[in-house]
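Engineer: My questions will all concern the structure given below.
We did not get these values from a lab; they are worked out from the coordinates using the rules stated. Quick caveat: nothing in here was measured; it's all calculated off a predicted structure. Cβ atoms come from the backbone with ideal geometry, glycine included; neighbour counts cover every protein chain shown.
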There are 2 protein chains.
Amino acid sequence: MVDPKGLASTASTDADAIDELRAQWHRERPDMDAASLDAMALVGRIKRADHLLSKGMKPIFAEHGLEFPEFDVLATLRRVGAPHELTAGGLLKSAMVTSGAITNRLDKLERKGLIERRPDPSDRRAIRVRLTEAGRELVDRAVVDHVANEERMLGALSAEERGALDGALRRLLVSLGDTHLG
Amino acid sequence: MVDPKGLASTASTDADAIDELRAQWHRERPDMDAASLDAMALVGRIKRADHLLSKGMKPIFAEHGLEFPEFDVLATLRRVGAPHELTAGGLLKSAMVTSGAITNRLDKLERKGLIERRPDPSDRRAIRVRLTEAGRELVDRAVVDHVANEERMLGALSAEERGALDGALRRLLVSLGDTHLG
DNA sequence: GTCAAGTATCTCAACATTGAGAGATTGGGT
DNA sequence: ACCCAATCTCTCAATGTTGAGATACTTGAC
């Protein structure tokens, strides 16, 4: 078992699944240098963290009769402010999915009466998607439970650790060009 | 526009899409406290980082005729070492997907001649999945390009930043119980 | 030994997404 | 005015995943 971070004497640093993965690659492919393995480990940790956090969110959304894709649309409409309206294209870019996925999400939400579609008065190719009263009430309730759950899942990290993590991720995102929602 | 990190005077810190999202929520729901918004932002950054990194990996896998799910299985078998063999259950736990997904992945890889399924001699419920020679050669080639690409995508971060990010993510993962691959 | 509970894999329907493409509309250049 | 490229949304087949259930086998308690 390698100790890539040189922290064997630091009792507070426990190993995670990715340390195991890195050690396996190091044993099997000793030709890969440390920087490569570190990159692989970091990307792997981001993926696994996303996976576990997403899994932990599901039950909260389910309590409100939603799944993440639906909540994502409702929350996007909610946070742009009254009249809680965007075009399908605006939603698409914010959600980072393709147009087919947005059509599907809107169909589901429309059937539930949480959003309405109306023609865009200034561009007849576009539609305007708007939260219904029921939709606004639901997302306003759901978001409170959702963020409380997120805080709970991050509970093991101190404010300093969260700040460091957040700052480094912001720099990564900026470098990947993720500078705008729409 | 809020400045949640108090870094307005630090010219080197650019805003990303999540800063925009946070500002929108702050304006629309001033009742949500800073810690809640910070948690939402951090989780959002992890999700967006995963999404962008995953998207950036696709073309590399495609160059080798693979998609991520297939590469994931091949890489898991490769890194356990000779004879590059695991049960379907072992693969399932490492990949964090359900049994149906693993069956599907193995079917595809078997059709391509990259893995073989044989009965487990010591447990007749189980199957042993093994890299073929073609599978081992392919994954050994693909992994080199893959990690080079990962390094490239992380290129904007200094070694110190990567270390801080990695360390904080490890602590998060450990706190979420992600301590073993299998 | 027998039986119940647990485990390993596969099957299958439901669902979300992608990616290519169609249809309608817009807008700039000529 | 006209055209052509770009834009906006929807459609649809293909793909991958989940989650429940079926089947076969193993294990431990009695």
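Engineer: Tell me which DSSP H helices of chain A clear both cut-offs, 20 Å or more of axial length from alpha-carbon atoms and a mean Kyte-Doolittle hydropathy of at least -0.5.
Structural biologist: Details: long enough: A:34-63 (44 Å, 0.25); A:133-153 (30 Å, -0.65); A:159-175 (24 Å, -0.05).
For chain A, where a helix must reach 20 Å along its axis and average at least -0.5, the hits are A:34-63, A:159-175.
Engineer: If you don't mind, there's one more thing I want to ask. Consider just the alpha-carbon atoms of chain A and return their Rg together with their Dmax, both in angstrom.
Structural biologist: 21.0, 66
Engineer: For A:67-79, what's the mean count of beta carbons from other chains sitting within 10 Å of each residue's beta carbon? Mind showing how you got there, number by number?
Structural biologist: On the way: counts 0, 1, 0, 0, 0, 0, 0, 0, 4, 2, 0, 4, 10.
Average neighbour count from other chains, rounded to a whole number: 2.
Engineer: With N set to the residue count of the stretch B:47-110, report its C-alpha Rg divided by 2.2 N^0.38 Å to two decimal places. List each step's numbers first, then the result.
Structural biologist: Details: Rg = 12.5 Å, N = 64, 2.2 N^0.38 = 10.7 Å.
Dividing the Cα radius of gyration by 2.2 N^0.38 Å gives 1.17.
Engineer: Another question, then. How many Cβ atoms of partner chains, on average, are near each residue of B:24-36 if near means within 10 Å of its Cβ? Intermediate results must be reported in sequence, preceding the final value.
Structural biologist: Details: counts 7, 5, 1, 3, 8, 6, 0, 2, 4, 2, 0, 5, 7.
Partner Cβ neighbours, averaged per residue: 4.
Engineer: Can you give the alpha-carbon Rg of the protein assembly as shown over 2.2 N^0.38 Å, where N counts its residues? Write down the numbers at each step before the final one.
Structural biologist: Details: Rg = 22.1 Å, N = 364, 2.2 N^0.38 = 20.7 Å.
Here the Cα radius of gyration is 1.07 times the empirical estimate.
Engineer: Taking the convex hull of the Cα atoms, report for the stretch B:88-182 its projected area averaged over all directions, in nm². Mind dumping the intermediate values first?
Structural biologist: Values: hull surface 32.9 nm².
For the Cα atoms of the stretch B:88-182, the hull's average projected area reads 8.2 nm².
Engineer: Now a separate question. Under a crude label model (7 Å from the Cα following the beta-carbon direction), how far is residue A:82 from residue A:144 in nanometres?
Structural biologist: Reported label-point gap for residue A:82 and residue A:144 is 2.0 nm.
Engineer: Moving on. So if I average 1/r over every pair of distinct C-alpha atoms in the stretch B:14-63 and take the inverse, what Kirkwood radius in Å does that give? Each step should come with its number before you reach the end.
Structural biologist: Values: mean 1/r = 0.0812 Å⁻¹.
Every distinct Cα pair counted, the radius reaches 12.3 Å.
Engineer: Would you mind pulling out the separation of the Cα centroids of the stretch B:136-166 and the stretch A:52-108, in Å?
Structural biologist: Spelled out, the Cα-based centre of one part sits 31 Å from the other.
Engineer: So, one more: Which lysines does residue B:93 reach when only Cα atoms under 28 Å apart count, and residues fewer than 8 places away in its own chain are ignored?
Structural biologist: Within the straight-line cut-off, residue B:93 pairs with A:5, A:47, A:55, A:58, B:47, B:55, B:58, B:108, B:112.
Engineer: Still on this structure, I have one more. Suppose R0 equals 35 Å; then what is the FRET efficiency for residue A:122 and residue B:55 from their Cβ-Cβ distance, rounded to the nearest 0.05? The partial results should precede the final answer.
Structural biologist: On the way: r = 32 Å, r/R0 = 0.92.
FRET efficiency, residue A:122 to residue B:55: 0.60.
Engineer: Hey, another quick one. Counting C-alpha atoms alone, how compact is the stretch B:65-144: give Rg to one decimal and Dmax as a whole number, in angstrom.
Structural biologist: Taking only Cα atoms of the stretch B:65-144, I get Rg and Dmax of 11.5, 36 Å.
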